[in-house]
1. I need the full set of residues from segment 174-187 which are without any contact (Cβ under 8 Å) to a residue 60 or more places away in the chain and closer than 19 Å to LEU99 by Cα, in order please.
2. In segment 147-156, is there at least one residue being touching a Ser or Thr at 6+ places or on another chain (Cβ under 7 Å) and surrounded by 11 or more Cβ atoms within 10 Å (Cβ to Cβ)?
3. Given SER142, SER125, which one is touching a residue at least 12 places away in the same chain (Cβ under 8 Å), among the polar types (S, T, N, Q), surrounded by 11 or more Cβ atoms within 10 Å (Cβ to Cβ) and more than 15 Å from LEU188 (Cα to Cα)?
4. Any idea which of (1) without any contact (Cβ under 8 Å) to a residue 24 or more places away in the chain; (2) open to solvent by 30 Å² or more (accessible area, probe 1.4 Å); (3) of a type outside the set (Asp, Glu) is the one ALA159 doesn't satisfy?
5. Could we say that ILE100 is in contact with a Gly (Cβ under 6 Å, 6 or more places away or on another chain), within 26 Å of MET207 (Cα to Cα) and open to solvent by less than 30 Å² (accessible area, probe 1.4 Å) here?
6. Any idea which residue in segment 197-218 is nearest to LEU94 (Cα to Cα), counting only those that are open to solvent by 40 Å² or more (accessible area, probe 1.4 Å) and touching a helix residue (DSSP H, G or I) at 6+ places or on another chain (Cβ under 8 Å)?
7. Residues of segment 104-133 being touching a strand residue (DSSP E or B) at 6+ places or on another chain (Cβ under 6 Å), over 26 Å from GLY180 (Cβ atoms) and in a loop (DSSP other than H, G, I, E, B), which ones?
Amino acid sequence: MSTIQDAALFEDLGLSRSLQDSSKRNELGQEDFLKLMTTQLRNQDPTKPADNAEFMSQLAQFGTVTGIEDLKTEIQNLAGSLVSNQTFQAAGMLGREVLIPATQGVLEPDGVIAGAVELSNPVSSMNIGVYDPGGQLVRNVSLGSQSPGMVAFNWDGLATDGTAVPPGRYTIRAEAISGGINEAYDVLIADKVQSVSLPAAGKALTMELAGLGEVNFSDIRQIR
């Protein structure tokens, strides 16, 4: 018996011959699942009707694993894209001043320590306390009553008696009276961006600040 080789003859006879791309045979689609299921049904053991349910469960598990692997790949691609975008944004911040949560500020010679406190409610009286490395109070900066929002402050490096204090790190604490209750508030310290460090795999993007050193890019609350 001779074999028909010409695909055109198949078409003339109303038949078709599917040509499958061998590069796609590494993946299983819905048609493959249906073929496997019908083959299982034709060759099942009639004394074990419960095997069909087990077979379908295995197919569902296989599809779930494949979906999870595809999702993992998509998430990895998205993460890489986000890191690239963050890097470009951070590079544009070189030399600019940013606000980050911190408990200390660095006083440079003839410099100031600047920052802000974010209020969620109005306060009748607000006070910024500056403490030296030994924990001694150096200066109180009174800001009076304040409305909700970002309240900026500056300390000029002078002690309560008006004398200049030596350069170094000083602790900054914020307190305010709201509804007759004195409460402590988180402080944001201003510092200048000196460099940006590209993150290693699985690490966060970091920036080097002039006084406070290395911080995470995600810690930045405001760019000045």
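The values are calculated or read from the model by the stated rules, or taken from the named source; none is laboratory data. Computed from a predicted model, the values in this text were never measured in an experiment. We place every Cβ from the backbone using ideal geometry, glycine too, and count neighbours over all the protein chains shown. These area figures cover heavy atoms from the full protein model, side chains too; ligands, DNA and RNA do not enter into them. Shrake-Rupley method; radii C 1.70, N 1.55, O 1.52, S 1.80 Å.
1. Correct list: ALA174, GLU175, ALA184.
2. To start, the set of residues in segment 147-156 that are touching a Ser or Thr at 6+ places or on another chain (Cβ under 7 Å) comprises 148.
When the remaining residues are screened for being surrounded by 11 or more Cβ atoms within 10 Å (Cβ to Cβ), the result is 148.
Within segment 147-156 (the criterion being touching a Ser or Thr at 6+ places or on another chain (Cβ under 7 Å) and surrounded by 11 or more Cβ atoms within 10 Å (Cβ to Cβ)), the answer is yes, since at least one residue qualifies.
3. SER125
4. (2)
5. In short, no.
6. To start, the set of residues in segment 197-218 that are open to solvent by 40 Å² or more (accessible area, probe 1.4 Å) comprises 197-198, 200-204, 208, 210, 214, 216, 218.
Still in the list and also touching a helix residue (DSSP H, G or I) at 6+ places or on another chain (Cβ under 8 Å): 198, 204.
Values: LEU198: 14, ALA204: 18 Å.
Among them, the one singled out is LEU198.
7. Answer for segment 104-133, where residues must be touching a strand residue (DSSP E or B) at 6+ places or on another chain (Cβ under 6 Å), over 26 Å from GLY180 (Cβ atoms) and in a loop (DSSP other than H, G, I, E, B): VAL112, ASP132.
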